[in-house]
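These notes concern the structure reproduced below.
We did not get these values from a lab; they are worked out from the coordinates using the rules stated. Just so you know, these numbers come straight off a predicted model, no measurement behind them. Note that we place each Cβ from the backbone using ideal geometry, even for glycine, and neighbour counts take in every protein chain shown.
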Amino acid sequence: MATRIIPLGNINQAPSNKHPTHHWYAVDIHLKGEDATIVLTESIAGGHAEQGGSLTCSLEELKELDDWEAHFTLAGVEWAIPLIKQEEVEAKVIIKQLIKKAIQT
């Protein structure tokens, strides 16, 4: 089964203190069947193998990270923060809300 990638957003924050022209932040949802993961990516100087990096996690794991909101803001998807912070809403429902909003923008 193929993985579908739904981009929520990305922004080049260069110039930054790490690179003058290429410092991208991105947030994507990866769908594989009924499973969904959130992928946070930082690309510095054209890649994320040498500088930057990426992190794949569930929605529940995302909420436990200290800096996820800052990454979402740097990637231009601050609109997603209130959706993710909803209490007593199932993760699958939140993922559907995120995808619907991403497709509309």
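Report the Cα-based extents of the chain along its three principal axes, largest first, to the nearest Å.
Result, largest extent first: 41, 31, 27 Å.
Using Cβ contacts closer than 10 Å as the measure, can you line up Lys92, Lys63 from fewest to most? Before the final figure, lay out the partial values.
On the way: Lys92 12, Lys63 15.
Arranged by neighbour count, lowest to highest, Lys92, Lys63 become Lys92, Lys63.
Where does the stretch 1-43 land on the Kirkwood hydrodynamic radius, alpha-carbon pairs, in angstrom?
After inverting the pairwise mean of 1/r, the radius is 11.4 Å.
Ordered by residue, what ³J(HN,Hα) values in Hz, to whole numbers, does the stretch 31-42 give under the Karplus form 6.51 cos²θ - 1.76 cosθ + 1.60, where θ = phi - 60° and Gly and Pro are x?
10, 9, x, 8, 8, 9, 10, 9, 10, 9, 10, 10
Rounded to the nearest 500, what is the 222 nm mean residue ellipticity of the chain from helices alone, with -39500 (n - 2.57) per DSSP H run of 4+ residues and division by all residues?
It lands at -8000 deg cm²/dmol.
How many angstrom lie between the C-alpha centres of the stretch 70-102 and the stretch 24-45?
13 Å
Give the relative contact order (percent, whole number) for the chain; include only Cα pairs under 8 Å separated by 6+ residues.
RCO, the chain: 24 percent.
Kirkwood hydrodynamic radius, the stretch 61-105, all distinct C-alpha pairs: what's the number in Å?
Its Kirkwood hydrodynamic radius stands at 11.0 Å.
Kindly count the pairs of lysines across the stretch 4-104 whose alpha carbons are less than 30 Å apart, treating pairs on different chains or eight or more residues apart as eligible.
17
Quote to one decimal, in nm, the extra length available between Gln104 and Trp79 on full extension: 0.36 nm per residue of separation minus the C-alpha distance between them.
The Gln104-Trp79 span can extend by a further 7.8 nm.
If you line up the long axis of helix 91-104 against the longest principal axis of the chain, both from Cα atoms, how many degrees apart are they, to the nearest 10?
The answer is roughly 60 degrees.
May I ask you to sort Thr56, Thr37, Thr105 by Cβ crowding, counting other Cβ atoms within 10 Å and putting the fewest first?
The order, fewest Cβ neighbours first, is Thr105, Thr56, Thr37.
About the Cα centre of the chain, what is the dipole size in debye to 20, counting +1 per Lys and Arg Cβ and -1 per Asp and Glu Cβ, all else neutral?
480 debye
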